[in-house]
Amino acid sequence: MLRENLLSFPDLAATEFQHPLDRDATGLLKGIDKFRSIIGTLNAYVEHSMHYYNSSSCIQVSETQYPSLFKAYKRTAEALSIAKLPDLYIETIDEINAFASGIDRFTIKINSGLLDILTERETMTIIGHELGHVKCDHMFYNTFTYFIRYFGGSVTGMIPPPFNSALDISVQLALLEWSRRAEFSADRAALLATQDATAVAEALGKIAGYSKTLSDPISVEAIQQQANTFEEYVDDSWMAKFIKVQSMLKQTHPYTVLRVKEILSWADSDHYKKILAGEYQKQVALPTAVTDPAAPTELSAAQKAAATLGNSLSAGLKSFGGFGKKSE
C-alpha cells in the first residue's frame, strides 16, 4: 500500500511545501482572522452535528476496522509530522469525493464511490492530500469560504457592523481564489506523504475522467499533453477571459489537468529533492496563548444564529474542500 522505504519528515513546517500561490493568497486573507471567534462558534455546531452523523452512519477506520488501511494512514500522517490523527471515515455513497473538515476536531471522510475507482496506492495519495489541508491550517479558511459561499446572506447578518460590510463579492471571489490555490499545497502534501508522483497524478486523472469498464490504464503522459494544449488554447482574447471568469466564479478547485502537470513538475524539482534529503524548514512551537478573563465572550447573537444554521451547514459542508472536482 505504501513504499516500504517511506521517508518521514520530523517537525516538517507546512510553509516548506506550501505552494507560492497559496502562500501569497493566504497572506491577503489574514484580515479575515478577526472573524475567527464567530466562525468558531458556528463550527462548534457543525463539528458536533457531523461527528454525530459520521459515528452513527459511516464506518470509522481504526486498528480493528480496515486495519491495513489504518496502519498506512498512521504512517502517512507520521511522514508529514502530524501528531494528532484526524478521525477517518468511509461512507457508502457514489459521489466521487473525499474531504477534510473541522477546526477543533479534524475529520477526513472518503466516499466509497471514489475508493472504488482507485488503487491502494492512489487511495493513500488522497489521504495524504486531505492531511495536507490539516497540516497547512487550511481548515479555518475552508470553513469560512464555505459559510460565505453557501450562506453568505445569513452569515453576513450575524456579523455586526462595520465588519459585515467587508463580506462583499470581492472578498468571496478572493476566498474562492485562495481555495483553488490551496489545492496545489495539498497535492504537494500528497506527494510528500507517499513519495509516489505517479500515484498522485493517476488519482487526479481518474477524478477528471475514468471508468472501470475501460481496459486501458489511464495515461499520465497524455494528461500532461492535454494540459499543454489547454494552456495554449487559453489566450488573451476577451472571449477567453470571459469564459475563464464565468467558469471560476464558484469553482473551489483548480483545473484537474493543470494540477497533474503542476505536481509532476514539482516532483522533478530541486526543492522536492532537498526535502527528501532532509533539508527542509522545521516548525517552531508557538507560545501558549494567555486568556484575558476580562475579555468579552462570544456574541450571543452569533451563538443563537449558529444554533439555527448548524444542521444545514453541516449537511452541505460535505460538498466543499474535498479532493474531487467541485464546481457547483
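Suppose the filter is farther than 17 Å from Leu21 by Cβ and either at pLDDT 70 or above or out of contact with any strand residue (DSSP E or B) (no Cβ under 6 Å at 6 or more places or on another chain) (or both); does Gln246 pass it?
Numbers: farther than 17 Å from Leu21 by Cβ: yes; either at pLDDT 70 or above or out of contact with any strand residue (DSSP E or B) (no Cβ under 6 Å at 6 or more places or on another chain) (or both): yes.
Here the answer is yes, as Gln246 does meet what is asked.
Scanning the range 91-103 for residues that are assigned to a loop (DSSP other than H, G, I, E, B) and hydroxyl-bearing (Ser, Thr, Tyr) gives a single hit, Thr92. Residue count for the range 107-124 under the criterion of being surrounded by 20 or more Cβ atoms within 10 Å (Cβ to Cβ) and either touching a Pro at 6+ places or on another chain (Cβ under 9 Å) or among the acidic types (Asp, Glu) (or both): the result is 3.
Annotation: Asp11 fulfils all but one of (1) under 30 Å from Leu264 (Cβ atoms); (2) modelled with pLDDT of 95 or more; (3) exposed (fewer than 14 other Cβ atoms within 10 Å of the Cβ); (4) touching a helix residue (DSSP H, G or I) at 6+ places or on another chain (Cβ under 9 Å); the unmet one is (4). In the range 76-90, the residue that is surrounded by the fewest Cβ atoms within 10 Å (Cβ to Cβ) out of those that are outside any helix (DSSP H, G or I) and among the charged types (D, E, K, R) is Lys84. Selection within the range 40-71: residues that are assigned to a helix (DSSP H, G or I) and aromatic (Phe, Trp, Tyr). The member of this set that is surrounded by the fewest Cβ atoms within 10 Å (Cβ to Cβ) is Tyr52. Ala190 meets all of the listed conditions (1) modelled with pLDDT under 70; (2) buried (at least 19 other Cβ atoms within 10 Å of the Cβ) but one, namely (1).
The values are calculated or read from the model by the stated rules, or taken from the named source; none is laboratory data. These figures come from a predicted structure and were not determined experimentally. Neighbour counts run over all protein chains shown; Cβ positions are idealised from the backbone, glycine included.
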